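**Student:** Okay, handing you the structure first.
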Amino acid sequence: MGKITGFLEFDRKVEEYAPVEDRIKNYKEFTIPLDSKEMKDQGARCMDCGIPFCHSGCPLGNLIPDFNDAVYRGKWEKAATILHSTNNFPEFTGRLCPAPCEEACVLGINEDPVTIENIEKNIVETAFEKGWITANPPETRTGKTVAVIGSGPSGLAAAQQLNRAGHLVTVFERDQKVGGLLRYGIPDFKMEKNVIDRRVKVLEEEGIIFKTGVHIGVDIKADALKNDFDALVLCGGATVRRNLPIEGSDLKGVVQAMDFLAQNNRRVDGITDLGEEIKATGKDVVVIGGGDTGSDCIGTSIRHGANSVSNFEIMSKGTPERPEDQPWPFWPMRLRTSSSHKEGAERFFSISTKKFVGDKDGNLKGLITSEVEWIKQPGQRPLLKEVEGTEKEWKCDLVLLALGFTGSEMTIADQLGLKADPRTNIKATAKDYMTNVPGVFVAGDQRRGQSLIVWAISEGRQAAYHIDTYLMGTTSALPLKGEGDLPRI
Ligand SMILES: Cc1cc2nc3c(=O)[nH]c(=O)nc-3n(C[C@H](O)[C@H](O)[C@H](O)COP(=O)(O)OP(=O)(O)OC[C@H]3O[C@@H](n4cnc5c(N)ncnc54)[C@H](O)[C@@H]3O)c2cc1C
Ligand code: SF4
């Protein structure tokens, strides 16, 4: 497996970024690919460790050492087949995954881990370039029909798997285009949208029907849809945004991050009818929230030409190193710095916003914060305490609230009588992904709450396995995680 001495010979090397001053002029992806010799060397760093903890670090159970080995040997088509055997859309994860596999890589115990995510991206991009990714429609149809509600990564993965099993799949999406948060949340500079389009074209050629601009629960009642299909799978995401209900939150200039990001993605897509324009141009911007969404707001504000961008995070500043109490191979809570953070934002930690300040016309002109500290309590969650005398007023004319999502919308759940947990995640265990109503399944963020693309794909695949079993009354023809797959791209 791999080059036994590879990890001793080659240092970790990932794609570099185009210089900040160039990349912020547009919304294009800005990574500079490695050449094929460099990619081979990176594959060679995989060290035949014996027990590949990266497998369990990856929510899809990707067969990482196997595709690393194929890359090292220059067998790119084989690498693509191995990769697609567990991951329907490596072009999404290869660009956007936070790569928990790399945190679990055995080489990472005392060296820099293998560049798994970047290798994944290069495999799938090579496969598209060489024309190896083509439609693979099922040879026979079962006569069963499935409606997938929502076209994010969980819905797309469920649809492709169910179609492979021979069921006739229709994906309903209320937005104008397919992709969920990949399309209308994540900015183009992280993933250009033709990456979604080229994959959706393959799915269409395989026989999946996409109906966009259809809001299930509103345009078609969920119970009517249930009567028309043999099974439903809800992949509607966790779309209810968290608010910051403090004084001044209704001022003009206090904006939800998703309104800002979705509008910008539409603008980049050439859409001109955008409603009231939300732009950061020339403004002092404060992004509240230090996660992925906050980071995407920073990169977008900088591309708009903001005067200044500050990022507030209520949690304390971590260290770039793995904390001692979060040992390998677990996912550590460390300080992460994204490409957007490096484009000119100033980050502030342990800071809480207490009040927004407006002018007499109701426009935001500033905000007031306090520093906070997190007091450790044995056996309990740390206690948040305001530090007295640290109040500070900041000048700003745009605040972007990037505070995450609280759960899923309940319209469909109410129409079908589905049970949800207190956080409004639709209830279904990972045992079979079926809700309390037979024939109605749920996957992705709508089941597990706000999460990651890799988890959404994993959930879509797992749910498809159980839906197939439910429809056919026998063991599914589809794979479960860790069981291998049909050998096709
Ligand atoms: C700004 C932002 C950046 C992110 N960046 C990353 C990242 O870099 N890496 C990462 O791993 N994760 C990231 N995430 C998280 C990731 O995008 C989500 O976890 C993932 O997209 C969830 O997939 P999903 O299929 O469950 O739902 P979604 O992607 O949310 O898709 C749900 C779809 O269902 C549709 N829908 C909902 N209700 C209905 C209905 N009633 N009728 C018809 N259609 C409906 C919605 O319109 C939407 O298209 C990010 C999230 C955000 C918000
Ligand atoms: S999908 Fe994510 S966790 Fe899995 S191998 Fe790829 S980068 Fe790693």
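**Student:** With a ≥ b ≥ c the root eigenvalues of the C-alpha gyration tensor of the stretch 243-401, is it rounded (a/c under 1.5), prolate (a/b larger than b/c) or oblate? The partial results should precede the final answer.
**Tutor:** Numbers: a/c = 2.31, a/b = 1.38, b/c = 1.67.
The shape class here is oblate.
**Student:** Mind running the shape call on the chain? Use the C-alpha gyration tensor, a ≥ b ≥ c as the square roots of the eigenvalues: rounded below 1.5 for a/c, prolate if a/b tops b/c, oblate otherwise.
**Tutor:** Values: a/c = 1.62, a/b = 1.19, b/c = 1.36.
Oblate, because a/c is 1.5 or more while a/b does not exceed b/c.
**Student:** If you wrap a convex hull around the Cα atoms of the stretch 330-487, how much volume per residue is inside, in Å³? Before the final figure, lay out each step's value.
**Tutor:** Working: hull volume 35.1 nm³, N = 158.
Roughly 222 Å³ of hull volume per residue.
**Student:** Taking only C-alpha pairs under 8 Å that are 6+ residues apart, what is the relative contact order of the stretch 243-401 in percent?
**Tutor:** Values: 297 pairs, mean separation 45.5, N = 159.
Relative contact order of the stretch 243-401: 29 percent.
**Student:** Counting Lys and Arg as +1 and Asp and Glu as -1, what is the net charge of the other residues whose Cβ lies under 12 Å from the Cβ of Asp284? Before the final figure, lay out the partial values.
**Tutor:** Working: positive: Lys283, Lys365, Lys395; negative: Glu346, Asp397.
So the environment of Asp284 carries a net charge of +1.
**Student:** Once whole DSSP H runs in the chain are found, which of them have Cα atoms spread over 24 Å or more along the helix axis and a mean Kyte-Doolittle score of at least -1.0?
**Tutor:** Values: long enough: 453-472 (28 Å, 0.26).
Length and hydropathy pass: 453-472.
**Student:** Still on this structure, I have one more. What is the set of long-range amide H partners of Lys354 at a cut-off below 5 Å, with H atoms built 1.01 Å from backbone N?
**Tutor:** Ile368, Thr369, Ser370
**Student:** Between their Cα atoms, which of Lys13/Lys190; Lys3/Lys121; Lys376/Lys427; Lys317/Lys427; Lys25/Lys279; Lys193/Lys355 are more than 26 Å away from each other?
**Tutor:** Details: Lys13/Lys190 19 Å; Lys3/Lys121 21 Å; Lys376/Lys427 33 Å; Lys317/Lys427 35 Å; Lys25/Lys279 15 Å; Lys193/Lys355 37 Å.
Pairs exceeding the cut-off: Lys376/Lys427; Lys317/Lys427; Lys193/Lys355.
**Student:** Dipole of the stretch 6-130, Cα-centred, from +1 at each Lys and Arg C-beta and -1 at each Asp and Glu C-beta, to the nearest 20 debye?
**Tutor:** Numbers: 14 positive and 23 negative charges, 64 e Å.
Dipole magnitude for the stretch 6-130 comes out near 300 debye.
**Student:** A further question on this structure: From the phi of every residue in the stretch 378-392, what ³J(HN,Hα) in whole Hz does the Karplus formula 6.51 cos²θ - 1.76 cosθ + 1.60 yield, where θ is phi - 60° and glycine or proline is x?
**Tutor:** Per residue, the Karplus-derived 3J(HN,Hα) values read x, x, 10, 5, x, 9, 8, 10, 6, 8, 4, x, 10, 4, 9 Hz.
**Student:** Cβ under 14 Å from Pro59's Cβ, Pro59 left aside: what net charge do those residues give with Lys, Arg +1 and Asp, Glu -1? Don't skip to the answer; put the middle values down first.
**Tutor:** Working: positive: Arg447, Arg448, Arg461, Lys481; negative: Glu102, Glu103, Glu117, Glu120, Asp445, Glu459.
Result for the local shell: -2.
**Student:** Same structure again: Using Cβ contacts closer than 10 Å as the measure, can you line up Tyr433, Tyr470 from fewest to most? Could the numbers behind the result be given before it?
**Tutor:** Numbers: Tyr433 24, Tyr470 18.
Ranked by crowding around the Cβ, least crowded first: Tyr470, Tyr433.
**Student:** Grab every C-alpha pair in the stretch 167-276, bin the distances at 10 angstrom width from 0 up to the longest one, and report whole percents.
**Tutor:** 11, 35, 33, 17, 4, 0
**Student:** Got a sec? Charge dipole of the stretch 35-151, +1 on Cβ for Lys and Arg, -1 for Asp and Glu; which of Gly94, Ile116, Ile133 is way out at the positive end?
**Tutor:** Result: Ile133, furthest along the dipole toward the positive end.
**Student:** Got the relative contact order for the chain handy, in percent, Cα pairs under 8 Å and 6 or more residues apart? It would help to have the intermediate numbers written out before the result.
**Tutor:** Numbers: 1038 pairs, mean separation 85.1, N = 489.
About 17 percent, as a whole number.
**Student:** For Asn311, which sequence-distant residues (separation of 5 or more, or a different chain) have an amide H within less than 5 Å of its own amide H, given hydrogens modelled in the peptide plane?
**Tutor:** Hits under the 5 Å cutoff: Val287, Glu346, Arg347, Phe348.
Bear in mind these aren't lab numbers, they're just calculated from the coordinates by the rules spelled out. Small disclaimer: the values here were computed from a predicted structure and weren't measured. Methodologically, a virtual Cβ is constructed for each residue, glycine included, from the backbone with ideal geometry; neighbour enumeration extends over all protein chains shown.
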